[in-house]
1. To the nearest 0.05, how large is the calculated FRET efficiency for Leu102 and Asn184 if R₀ is 25 Å and r is the Cβ-Cβ distance?
2. What's the ranking of 88-95, 207-214 by average number of surrounding C-beta atoms within 10 Å, highest first?
3. Can you give the local net charge around Leu169? Use residues other than it whose beta-carbon is closer than 15 angstrom to its beta-carbon, Lys and Arg +1, Asp and Glu -1.
4. Above 15 angstrom, tally the Cα pairs of region 175-240 and express them as a % of all pairs, no decimals.
5. Taking Rh as the Kirkwood radius computed over C-alpha pairs, what is the Stokes-Einstein D of region 81-269 at 10 °C in a medium of viscosity 1.306 mPa s, expressed in µm² per second?
6. Region 177-240 to region 85-120: how many Å between their Cα centroids?
7. Taking the Cβ of Phe158 as the centre, find all other residues whose Cβ is under 9 Å away and add up their charges (Lys, Arg: +1; Asp, Glu: -1).
8. Mind checking which of Gly174, Pro104, Phe84 is farthest towards the positive end of region 81-269's charge dipole, using Cβ charges of +1 (Lys, Arg) and -1 (Asp, Glu) about the Cα centre?
Amino acid sequence: MTGNPNESAFRRWRAVVKLFLLILAFVALAGAISPAGNVAQDKPSFVEQYARPSDIPAAGPTPTPLQCPTCCPCWFLSRINQYFDQVVPPALPQGWLATNVLGPPPLWVTSDSGVPTPPADTSPNAAYIDDPAVQSDKRLDSLQFYGTLPRLTFRHNFNLEASDVDPNLGFDGGVLELSTDGGNTFQDILDAGGTFLMGGYNRTISPDRGSPLAGRHAWSGNSNGFITTVVDVNANSFDFVLRWRMASDNTGSSEGWRVDTVNISWCQNEGCPQPTPRRFPTPRSRGTAAPRP
């Protein structure tokens, strides 16, 4: 008895559809189990104890996110997130160091009130230093970190003594410096090969008023609240310490400098395993063929 051709065609069509759906399900399951080939993975850092909860929004617009090399799946982004909120003022977080090379106290501290306002970008605390009416050189060093292609993003609010006449001239100011030898020596972030992507220096410190930063580009004047600075460090080293440095002269004072919402990200390689070399059998010696008789 011959079957219905329409029914046979329907069965074949249904079988093809089932096979197609099965393949789609397999592909989706494989993607959920393992990441795609040569894509840099964004893994949590070993210092994520400094991170704030994920529901805190990012602070202001930022450039394109840092991209790690895609030649090997072992590359991933590592981060230090510091919001200065896990300590009780005036204490600094573990690993951060404040020093006064010149001038009276206070040193850099954490603060939850005072000027310039607002006192913090992410409540309750920010790192803070005053701007006195005497010569001073006050420094805040980050913890030490290691990596490749580091990028720094931070928010800061400053009101530092500057000229009311010349918008390019500052009297007291702040700079960002970098050490690539474990914190023994520092140089300006730009001299170390860094590049500001946004929020770079806005004035030059007067060369004739005795400031320790005389003649240097710096942040000075009034930021009118928190602004975002992003800098690619790009130093030829894998060992970094960052320094926020405020210096004043003896001609006047202002409100000071607040730093908050610090994010340091860099590329890190866990070490991709090297493929085991294939072993080929040693060719058997053929020897010398005997002459035919």
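1. Once the sixth-power term is evaluated, E becomes 0.85.
2. Top to bottom by mean Cβ count within 10 Å: 207-214, 88-95.
3. Overall, the nearby charge balance is -3.
4. 58
5. For these conditions, the coefficient is 97 µm²/s.
6. Between the Cα centre of region 177-240 and that of region 85-120, the gap is 19 Å.
7. The answer is -1.
8. Phe84
Computed from the coordinates by the stated procedures, all read-outs in this text should not be read as laboratory data. Computed from a predicted model, the values in this text were never measured in an experiment. Note that each Cβ is placed from the backbone with ideal geometry, even for glycine, and that neighbours are counted across all protein chains shown.
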